[in-house]
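Step one of this worksheet: look at the structure below.
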There are 4 protein chains.
Amino acid sequence: MSEREQGARLRADARRNREQVLAAARDVFLEQGPDAPLDEIARRAGVGIGTLYRRFPDRDSLVRDLMADNMRRGLDEMRAAVAEEPDAWHALVRFVRRMVELRAGSLGPVLSDRIRADPALGASRDELVGLVEATVEQARADGTLREGIGMGDISLLIVMIGRPPHGLAELTSRWQPARYLEIMLDGLAATNTRPLPGRAITATELRELFRMMKG
Amino acid sequence: MSEREQGARLRADARRNREQVLAAARDVFLEQGPDAPLDEIARRAGVGIGTLYRRFPDRDSLVRDLMADNMRRGLDEMRAAVAEEPDAWHALVRFVRRMVELRAGSLGPVLSDRIRADPALGASRDELVGLVEATVEQARADGTLREGIGMGDISLLIVMIGRPPHGLAELTSRWQPARYLEIMLDGLAATNTRPLPGRAITATELRELFRMMKG
Amino acid sequence: MSEREQGARLRADARRNREQVLAAARDVFLEQGPDAPLDEIARRAGVGIGTLYRRFPDRDSLVRDLMADNMRRGLDEMRAAVAEEPDAWHALVRFVRRMVELRAGSLGPVLSDRIRADPALGASRDELVGLVEATVEQARADGTLREGIGMGDISLLIVMIGRPPHGLAELTSRWQPARYLEIMLDGLAATNTRPLPGRAITATELRELFRMMKG
Amino acid sequence: MSEREQGARLRADARRNREQVLAAARDVFLEQGPDAPLDEIARRAGVGIGTLYRRFPDRDSLVRDLMADNMRRGLDEMRAAVAEEPDAWHALVRFVRRMVELRAGSLGPVLSDRIRADPALGASRDELVGLVEATVEQARADGTLREGIGMGDISLLIVMIGRPPHGLAELTSRWQPARYLEIMLDGLAATNTRPLPGRAITATELRELFRMMKG
DNA sequence: TATGAATGAGTTTTCATTCAT
DNA sequence: TATGAATGAAAACTCATTCAT
């Protein structure tokens, strides 16, 4: 059952609870990572742990729904960016900024099997991956994106930058990911011509990586 | 008592075990983060859990000793870099590459109270911070380091880049931090002149941050 | 939060469990002393170890609640004794008999910091200490209590007599504290006029002793 | 092998170690009871844990040797008392004072199977029990010992009084057993004629009790 | 022989998940 | 449906005992 379907059928109070849990989970996962105690999430959401479990039968489904939400918002942004931005580079930058803003990285890699397993999300996921990949290629062709950067590199950057260093848990207000993203973006611009070590991570490569993940 | 002193007094077999534990801890912390089960570390080191606890009375002391080791190695590199590199920028780059190579970030921020509390390390810590800060300032004065970058920004970059995305635990061989470091370094060069959001993190600021950390 | 308050708010089954745990703890502490394994207590109470920990977050809080209960019952007895007994000596005897009956000694000294730290109990503790001390003084003035006996001596006697000798763990049914208490009470009567070695332990002295205890 | 035999055969340094361990064990058992960590005893004795185990293959043999030592000293005192004191009551009092002085109670009941199992001690044990029992009977016949007191009651009193209340571990210097012993002795005198609850514990009864102990 | 290192079983404590109210 | 109680598996940590140096 997709989130939307679930949401549509729920009683008003149940839907409110569900959203409070998601919001609390977003905060707590950001602070403590995706292994944070669910008790804490329920507590911050102001609901009982039983209520949390009624809406999200296990930790994965909570993570999955948050990822799905991030992905949906990312897709909205990406569609708008492609339509409104002057070129591929600017579209890409706008998308990445949005993902970092959402702290998407705090949940772990964006395209894991957890999401892949959710059939209802297949469409938006595929569309997002396709859009980003095409934009990456266009930017490279335009000579605005640095040589040797793959779509998977972009994904990993979002992950690296969108989560606070371990131990800075409660200090997220002092944590400035946007700052480090801008440095990174400058490093991604085509003006940088030094060859990079390692190999580019394409969408295909990324999928393979995730297939090997246990989570 | 510093690691070196402890090490010197131990019986041969005990020292071997101690080093195996440290090596295993380095791997396991890299894969799973600094909350990884100590059982797992003991198992990989090929010793009983009791042996681990005899050498390291609690998790903190294990983390601390690894941090201390990283810091000592970082200081060695930094000293050599200052002596041998043609300018401040190259010295800084060499130091940061080394820290990322050591995956220093997998333990959390480098200058936390855990280290500060270890008096025997005060000297090397202070020397390292001093050297890096001076080099950062020199590089800025030289016009090689981007405007608005503080020493604390450098530290946080090391942390962000030197640990694998959550969930990529067992795949560290596929994880290419050096690649992302080089992108970041290009973003740090003075050729980039866009103003950065947020504020620079100086050594002072960093210390304050760490003082607020609970860990 | 006092035990009574906690108890009132709990669900029926939870309250039943809580009381079973307390009852089991009373038995087990009597048999094995206040360091007895909590597993054993949970097992005898017929609940999971997790349930025990839900009600009593650590060993201290279990000990504290039992002490609090003993103290409350002791206070009830002392009040009644003062009201109903013909003189101070008889009141004192009645109180001490009750405390020994409760095996208060099996938990260690009655007025430790563990209790002192529980603010909700301050009142009953202070009232009890005050009542006992006044009664001790009255009995001495009446010429019924032996010279040189302080209120703290009474407390320590309760502790010494109200716990079985080490190793008699499972034989508490064969252990006859009431017997030894009566001997002791006869020794405390004013008919005994030999001077005692050491010094009297007053309430003040006792408090000082407890302040020095680590537990 | 009895303690004496062991002692006689040992090299001078080994015997010194053995005695240091016994002395440390006496202190530590007094402070923490007979379950105290053996590490702590070795540390205070200034020897390695291995040395402790070479002399005392397990905890029991350490406890047993201390008990044996107490018993031997008690027997010496009892013999002297019988020879020198004017009557049975004074002999008994002298013996009990000595046992409390030795803090014999800190090891648990004096006649447990642990001692009974040590054949080399049979003789002194049997002699001591016989002497004490005869003296108890004589004192009762003399009309100096309270009616209804058995030899086992005396033993248990020694145990109850000769160990500090739990939690007063490190404060043994503030703990005044001699004071409480004198009160108890006054309660044991024949001038007290109130009947006692429970039943007298004779030597036979005591042996039966100990046979039921698991320790 | 003395030492202290190694081991693993026993305890404490936490937390995901299920279930009774 | 919402709640929070109950459970037990997992992880941290201690310590008796054995064994290598």
Exercise for the section: Evaluate peptide C:154-161: per residue, the Cβ atoms of other protein chains within 10 Å of its Cβ; return the mean as an integer. Expected result: 4
Exercise for the section: Using only Cα atoms, tell me the angle between helix D:122-142 and the longest principal axis of chain D; keep it within 0 to 90° and round to the nearest 10. Expected result: 20 degrees
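Determine the sum of side-chain charges near C:ARG94: Lys and Arg each +1, Asp and Glu each -1, restricted to other residues whose C-beta is under 12 angstrom from that of C:ARG94.
On the way: positive: C:ARG79, C:ARG97, C:ARG98; negative: C:ASP76, C:GLU77, C:GLU84, C:GLU85, C:ASP87, C:GLU101.
So the environment of C:ARG94 carries a net charge of -3.
For peptide D:188-195, how many partner chain Cβ atoms fall within 10 Å of a residue's Cβ, on average?
On the way: counts 4, 4, 0, 3, 8, 1, 4, 1.
Taking the mean over all residues of the peptide, I get 3.
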Practice task
Kindly identify chain A as rounded, prolate or oblate by the Cα gyration tensor criterion: order the square roots of the eigenvalues as a ≥ b ≥ c, call it rounded if a/c is under 1.5, otherwise compare a/b with b/c, prolate if a/b is larger, else oblate.
Solution key: prolate
Practice task
Just read off the accessible area of D:ASP87 with the full protein assembly in place, 1.4 Å probe, to the nearest 10 Å².
Solution key: 50 Å²
Handout entry: Nearest-first distances (nm) between copies at B:GLU127, label 7 Å from Cα via Cβ
Key = 6.0, 6.7, 7.1
Exercise for the section: Return the sequence-ordered ³J(HN,Hα) values of segment D:27-37 in whole Hz as given by the Karplus equation 6.51 cos²θ - 1.76 cosθ + 1.60 applied to θ = phi - 60°, using x for Gly and Pro. Expected result: 5, 5, 4, 4, 6, 10, x, x, 9, 4, x
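Can you sort D:LEU156, A:LEU30 by solvent-accessible area, 1.4 Å probe, largest first?
Details: D:LEU156 5, A:LEU30 30 Å².
The ranking, largest first, comes out as A:LEU30, D:LEU156.
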Problem - Whole-Å distance, taken between Cα centres, linking segment D:188-212 and segment C:125-178 - result: 21 Å
Completion exercise
The summed charge of the B:ILE149 Cβ neighbourhood (under 15 Å; Lys/Arg +1, Asp/Glu -1) stands at -4
Handout entry: Inter-copy spacing of C:PRO197 label points, which lie 7 Å from Cα along Cα→Cβ, given in nm from shortest upward
Key = 3.0, 7.7, 8.0
Practice task
Kindly compute the accessible surface that chains D and C hide from a 1.4 Å probe when together, both sides summed, and give it to the nearest 100 Å².
Solution key: 4500 Å²
Practice task
Shortest first and in nm with one decimal, please list how far the A:GLU40 label point sits from its counterparts in the other copies (point 7 Å along Cα→Cβ).
Solution key: 1.8, 3.5, 3.6
Fill in the blank from the handout: With all protein chains in place and a 1.4 Å probe, A:ASP39 shows an accessible area in Å² (nearest 10) of 100 Å²
Exercise for the section: Name the nearest-to-axis residue of chain C, judged by Cβ distance to the rotation axis taking chain C onto chain D, and quote that distance in whole Å. Expected result: C:GLY187, 2
Practice task
Let me know the mean shielding of D:198-205 by other chains, meaning the per-residue number of their Cβ atoms within 10 Å of its Cβ.
Solution key: 2
Exercise for the section: Any chance you could look up the accessible area of B:ARG16 with a 1.4 Å probe, heavy atoms only, rounded to 10 Å²? Expected result: 130 Å²
Completion exercise
Summing -39500 (n - 2.57) over every DSSP H run of at least 4 residues in chain D and dividing by its residue count gives a helix-only mean residue ellipticity at 222 nm, to the nearest 500 deg cm²/dmol, of -20500 deg cm²/dmol
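From Cα pairs below 8 angstrom and at least 6 apart in sequence, can you work out the relative contact order of segment B:3-212, rounded to a whole percent?
On the way: 227 pairs, mean separation 46.8, N = 210.
Taking the mean separation of contacting Cα pairs over the length of segment B:3-212, I get 22 percent.
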Exercise for the section: Heavy atoms only, probe 1.4 angstrom, no DNA, RNA or ligands counted: give me C:LEU10, A:LEU128 ranked by accessible area, highest first. Expected result: C:LEU10, A:LEU128
Exercise for the section: Give me the accessible area per residue for segment A:61-212, probe 1.4 Å, as a whole number in Å². Expected result: 37 Å²
Handout entry: Helix D:151-161 axis, angle to chain D major axis (alpha carbon atoms, nearest 10°)
Key = 60 degrees
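The values are calculated or read from the model by the stated rules, or taken from the named source; none is laboratory data. These numbers come from a predicted model, not from an experiment. Here Cβ is always computed from backbone atoms with ideal geometry, including for glycine, and neighbour counts include all displayed protein chains. Surface areas here come from the heavy atoms of the whole protein model, side chains and all, with no ligands, DNA or RNA. Shrake-Rupley method; radii C 1.70, N 1.55, O 1.52, S 1.80 Å.
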